[in-house]
């Protein structure tokens, strides 16, 4: 399958509370590009949140997904990085995958300095030597380890965001009794109406098993068996005759809005964005959500390694992680960032509360499936074919 980010509102677990917020003095550091020591100070200082002035005219190319998501990145830490360092960020867009990074690294002509990648690419690229390793010192200086809501897969990655596949419904359709658990998605008698799911197996199979009684933490062990796969498809088949399929992130919101379906599995960012933009009848059911991860990486061989490391350190700071949730309903990767948001509510830039729309609170994560990118890298081809065949047999 082709993986793609869900740009306009697309996106892991619970170590909140008790995180001390650090306050750094407004110190200006001198930075000499010809000095290795100066580079080290520069990287460490920015990673810890200090504003640093660099030589004027330098640029850093950051490649991400565009749309509202890229806007949230620019507002959360792009502008502050530029203001603190004097380095201008050139934002590029791509459609994901490692093909372009692999070509740049292989040719020795690396033009992307920082790239936003999904979890499976973060693992594969690091294993293949496509990314720079940050080393333990980076995580220690930035205060990252011990504050992450999910385990980092390796030492090539800088914290970015968490998003999820979530069940959503039109609250106007269920005014007397609202769905509260994932089971409701498959309960057509109590909660009548059509359902919408994506055209690929990701999230659909996991959520089917959770609804069928599999604990979220055991989903991939069950799916790793033929019996488990059949069980997931059997659960999905209980919706036969009541299914609609979507392939673009905005479609489930549109289907809910025009009454085509009563419930949908959708990207949490799309649901949150729509709810905050006037569609307050859109409600998520967090139970059984499938949480996905995105990381920042540095392509191996960039000529701007220290500046790229500094950017990753700055973007990883709790204040910057929290600031992104002012612009988009993805969850920060750091627990201390959630503390900042909670204390600052209403946090969204429009003046609305944002925590109700984030996938990463303790209660929500306790009933979440944390997506396993390595598992999907191994099984995606086979299960995508089986899912397509299953759809064909349904007549969809």
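A few points about this structure:
- Using R0 = 22 Å, the C-beta based FRET efficiency linking residue 386 and residue 248 works out to 0.45.
- 37 °C / 0.692 mPa s Stokes-Einstein diffusion coefficient of the range 266-396, Kirkwood radius on C-alpha pairs, µm²/s: 190 µm²/s
- Inter-part distance where the range 81-140 and the range 305-325 are each reduced to a Cα centre, Å: 14 Å
- Evaluated at q = 0.12, 0.16, 0.24 Å⁻¹: base-10 log I(q)/I(0), Debye formula over Cα of the range 165-249: -0.36, -0.64, -1.29
- Over all Cα atoms in the chain, the spread is summed up by Rg and Dmax: 21.4, 70 Å.
- Relative exposure of 126, 156, judged by other C-beta atoms within 10 Å (fewest first): 126, 156
- The modelled label-to-label distance between residue 83 and residue 199, using points 7 Å beyond Cα along the C-beta direction, is 4.3 nm.
- The range 327-384 - Kirkwood radius from inverse mean 1/r over Cα pairs (Å): 13.4 Å
- Distance from the range 144-158 to the range 61-77 (C-alpha centre basis), Å: 21 Å
- Added length on full extension, which subtracts the Cα-Cα distance from 0.36 nm per residue, residue 343 to residue 137: 71.2 nm
FYI, it's all coordinate maths here, none of it is from the lab. It should be emphasised that the depicted structure is a prediction, and the values quoted were computed from it without experimental measurement. As a convention, Cβ positions derive from the backbone with ideal geometry for all residues, glycine included, and neighbour counts pool all protein chains shown.
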